[in-house]
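For reference, the structure is listed below as structure tokens.
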Amino acid sequence: MSPSGESMRLGGSLDVSRETSDRLEAYVALLRKWNSKINLVSARSMDTVWERHVADSAQVFRLSQCREGVWGDLGSGGGLPGSVVAIIAADEAPLLRVVLVESDIRKAAFLSEVARECGVAMDVVARRIEEVEPLNAQVISARALAPLSQLLHFARRHVATGGIGLFPKGASVHTEIEAARSEWRFEPRLHASQTNPGSFIVEIGDFKRV
């Protein structure tokens, strides 16, 4: 658990305010409660929830440097990274609107409860990604949702001109990049994960169909 009454350090790399710390504590408590009923994250990963999920998601927010406009999180599931982004942004980037797209009604209900209980103004859209009106987002994120080529297909509908995609990926990242090049023209930037050795956050800006 995070220390109470002080700023919290996540993964050795991120400090947040006491208010944000309290909100993250509330989020983790909800994640534990709901995960026993529906599959939001793997049960085993809850043993290291702060490092594996919270810090891992927080680094995506820090990497983006996006502090206003729209952040679209696709296939949000348990709210990773979207809910963590919204919680940190409530204090550090109040002009940033965070939209979580999750077609599973039960998971969307969880995300709506997170918004209420944590006092965070994030929009939960319980529809399929392809059916949602274009978000025109400055940042599109997605974690453990689909291969990179499919993520770019989703992102193309929702990213604003000049916007970027930020996609956490594991050891298969290079294989996914090469596979995606058969359908897309893009120049990825790979950022080494600060919480999971051997993993990366793939940053992609301008991308077009081959």
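Scanning segment 31-60 for residues that are in a helix (DSSP H, G or I) and under 14 Å from the mean Cα position of the chain (by Cα) returns Arg52, His53, Val54, Ala55, Asp56, Ser57, Ala58, Gln59, Val60.
Filtering segment 3-28 to residues that are under 18 Å from the mean Cα position of the chain (by Cα), surrounded by fewer than 18 Cβ atoms within 10 Å (Cβ to Cβ), at pLDDT 50 or above and small (Gly, Ala, Ser) leaves only Ala26.
Checking each residue in segment 73-106 for being touching a Ser or Thr at 6+ places or on another chain (Cβ under 8 Å), in a helix (DSSP H, G or I) and surrounded by 22 or more Cβ atoms within 10 Å (Cβ to Cβ) picks out Gly82, Ser83, Val84, Val85, Ile87, Ile88. From the list Ala155, Ala179, Ala144, the lone residue that is in a loop (DSSP other than H, G, I, E, B), under 17 Å from Val202 (Cβ atoms) and either more than 16 Å from the chain's Cα centre (by Cα) or aliphatic (A, V, I, L, M) (or both) is Ala144. Taken over segment 42-62, the criterion of being in contact (Cβ under 8 Å) with a residue 60 or more places away in the chain and farther than 13 Å from Ala142 by Cα is satisfied by Glu51, Arg52, Ala55, Gln59. Selection within segment 187-205: residues that are in contact (Cβ under 8 Å) with a residue 24 or more places away in the chain and either in contact with a Leu (Cβ under 7 Å, 6 or more places away or on another chain) or among the aliphatic types (A, V, I, L, M) (or both). The member of this set that is surrounded by the fewest Cβ atoms within 10 Å (Cβ to Cβ) is His191. Scanning segment 107-118 for residues that are in contact with a helix residue (DSSP H, G or I) (Cβ under 7 Å, 6 or more places away or on another chain) and either part of a strand (DSSP E or B) or more than 16 Å from Leu80 (Cβ to Cβ) (or both) yields a single hit, Glu117. In this entry, Ile38 passes the filter for residues that are of a type in the set (A, V, I, L, M, F, W, C) and surrounded by fewer than 19 Cβ atoms within 10 Å (Cβ to Cβ).
Table: residues versus (1) over 24 Å from Glu102 (Cβ atoms); (2) among the aliphatic types (A, V, I, L, M); (3) surrounded by 21 or more Cβ atoms within 10 Å (Cβ to Cβ); (4) modelled with pLDDT of 95 or more.
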position	(1), (2), (3), (4)
His153	no, no, no, yes
Phe167	no, no, yes, yes
Ala171	yes, yes, no, no
Ile177	yes, yes, no, yes
Ala180	no, yes, yes, yes
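Flag set for Phe61, criterion: crowded, with 23+ Cβ neighbours inside 10 Å, under 22 Å from Ser17 (Cβ atoms) and of a type in the set (A, V, I, L, M, F, W, C).
The values are calculated or read from the model by the stated rules, or taken from the named source; none is laboratory data. Keep in mind that what you see is a predicted model, and the values were worked out from it rather than measured. Please note: Cβ atoms are built from the backbone with ideal geometry, for glycine as well, and neighbour counts cover all protein chains shown.
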